[in-house]
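What follows draws every value from the coordinates through simple rules; no lab data is involved. Model, not experiment: these values are computed from the prediction. Cβ placement follows ideal geometry from the backbone for every residue including glycine, while neighbour counts extend to all protein chains displayed.
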Amino acid sequence: MPETPTKSMDEIVALCRRRGFIFQSSEIYGGINGFWDYGPMGTELKRNLKAAWWRDVVRGENTGPHGESVHVVGVDCTIIMNPKVWEASGHVGGFNDPMVDCRESKARYRADHLTVLGASDASARLYAFIENDTDQRERAVKALLKYEKCEALDPARHIVRPFTQLTAADRARCIGPDAKDAGTLTEPRQFNLMFKTNVGAIEDPSNMAYLRPETAQGIFANFENVTNSTRVRVPFGIAQIGKAFRNEVTPRNFTFRSREFEQMEVEFFIHPSEATEWYSWWRDQRFAWWQSIGLSGANLQLREHDRDELAHYAKAGAGTSDIEYRFPFSAPGFGELEGVAHRGDYDLQQHAEHSGRRDKMKYFDAEKNERYFPHVIEPSAGADRGTLALLCEAYTKDESRPSGVYMKFHPRMAPVKAGVFPLVNKDGLPEIAEKLFKQLRKRHNCEYDPKQTIGKRYARMDEAGTPFCITVDTDTLTSQAVTIRHRDTQQQERMSIDAVDSWLSDQVGEG
């Protein structure tokens, strides 16, 4: 697969702040690590992504592997649930990551995110850095070369290995990412990622609860309610879009690894004998969907998990795969965008046992005259990671434009579908342009801008990723036609003002 040129994450982050896509949360107070706010443009972009997902996955007319219609219904579960939910799911006892503290810098790291560079000699210094952090890696290389007084790394002598493979003696000669002295990194210890809170007026262990670390368990806990209150029949899915929270030790890479994030998730319930067909169907469907909204080409890949990567619930399943995107901070590697997994019947079994409702939570299949726990195929996507991937993919440099850059969003994803401008702010042109704008905004998010030169207005829309700019000029007064400028080609065409509304709907996929 050919590699595409790496884009600058710093430039993308700067544009996100400048154009109102994403801000640091609580920025006026110095921010808070791992939390991000979406500005006006970012809110529309993320909303478009979630709306497209819901429309295509839940409401769309999809045909399954055997020619059947795919039926998916929705739920919206609470962020705080009975703590027993998380005991049953295994999160209380097993949702842990290895944590490392630096006694010198007071920084904290995920042990499995740390990589170590150094000579294989037992007495040589080792330098740790966070994986995929190019700046930290460069600092580690420079420090190592300076310490050993050499010009370049020797592949035969200088090796890279995970921090988790170090012995106690190795850690004693290892220098942390933000430290100057060796031996300041502690031994890895387990750290539960769930946020704790209290329900009620009194802070007491008996009132302790958790912010949900995933949206899936709310679906499983409501399986019996959904089957009893609707006419769903296996195979069918339950979908949910919602916030989840994980107390990440080292949140990083902009919004990619955050402590508050949003998931778009389906739990699709099937007969155990049909797991292989439905897993393959969902895997291929989800990969094609990301391509359909603009993440096509060399930056997107589908990767099947190796057996040693599989989660506890998928060890004997039909498979697990990740849809991955090559982010600027992960290049030349990839970062996970969505996972598709055969979860088996693990979750329903766990909740049936812990709630004491084992027989009632079993599904009765009238056609097969059989009572069983359905197996589950789970396509689980990150709305924030998806939004970030759209931003990275869209960022396009072009020196021929006044801004030097434009955002090449798929029209369906673009935050603003069209900008409407009067060429000059006089001679009756603003009145015509504003009337057109009010007509278009009934169906599409559009912007009306009567000020500055037309070139500056084009540049502003380019940075927002607006696919079309519509200009009312003096000829409009007699011809009743407007000029439409296409973002990607910068080509222009004339169109009757009466045809613009339906034409725009067709272009952005909302006709």
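For the chain, the residue among TYR38, PRO411, SER120 whose Cα projects farthest onto the positive side of the dipole built from Cβ charges is TYR38. Between THR184 and GLY176, the built amide H atoms are under 5 Å apart, and every one of these is 5 or more places off in sequence or on another chain.
What does the helix-only formula give at 222 nm for the chain: each DSSP H stretch with n ≥ 4 adding -39500 (n - 2.57), the total divided by the residues, and the result rounded to the nearest 500 deg cm²/dmol? About -8000 deg cm²/dmol. Charge dipole (Cα centre; +1 on Lys/Arg Cβ, -1 on Asp/Glu Cβ; no other charges) of the chain amounts to roughly 920 debye. Centre-to-centre, using Cα atoms only, region 200-246 and region 68-83 are separated by 7 Å. Amide H contacts for ARG233 (H built 1.01 Å from N in the peptide plane; partners 5 or more residues away or on another chain; cut-off under 5 Å): none found.
Around GLU104, with a cut-off of 12 angstrom between Cβ atoms, what is the net charge of the other residues, counting Lys and Arg +1 and Asp and Glu -1?
Counting the neighbours of GLU104, the net charge comes to 0.
Principal axis extents of the C-alpha atoms in region 427-488 (largest first, rounded to whole Å): 32, 26, 20. When the Cα gyration tensor is reduced to axis lengths a ≥ b ≥ c, the ratio a/c is 1.5 or higher for region 96-191, and with a/b above b/c it is classed as prolate. Just report the Cα centroid separation between region 153-194 and region 370-384, whole Å. Answer, in whole Å: 38. Remark: the ASN198-LYS397 segment gains 66.7 nm on full extension, using 0.36 nm per residue and subtracting the alpha carbon distance. What pairs in LYS408/LYS456; LYS84/LYS360; LYS417/LYS442 have C-alpha atoms more than 22 Å from each other? Exceeds cut-off: none, every pair is within range. For semi-axes √(5λ) of the Cα gyration tensor in Å, several values are listed as (i) 44, 26, 24; (ii) 37, 25, 21; (iii) 43, 36, 21; flag the one computed from this structure. Correct label is (iii). Residues whose amide H comes within less than 5 Å of that of ARG257, counting only those at least five positions distant or on another chain, are ARG252 (H built at 1.01 Å from N in the peptide plane).
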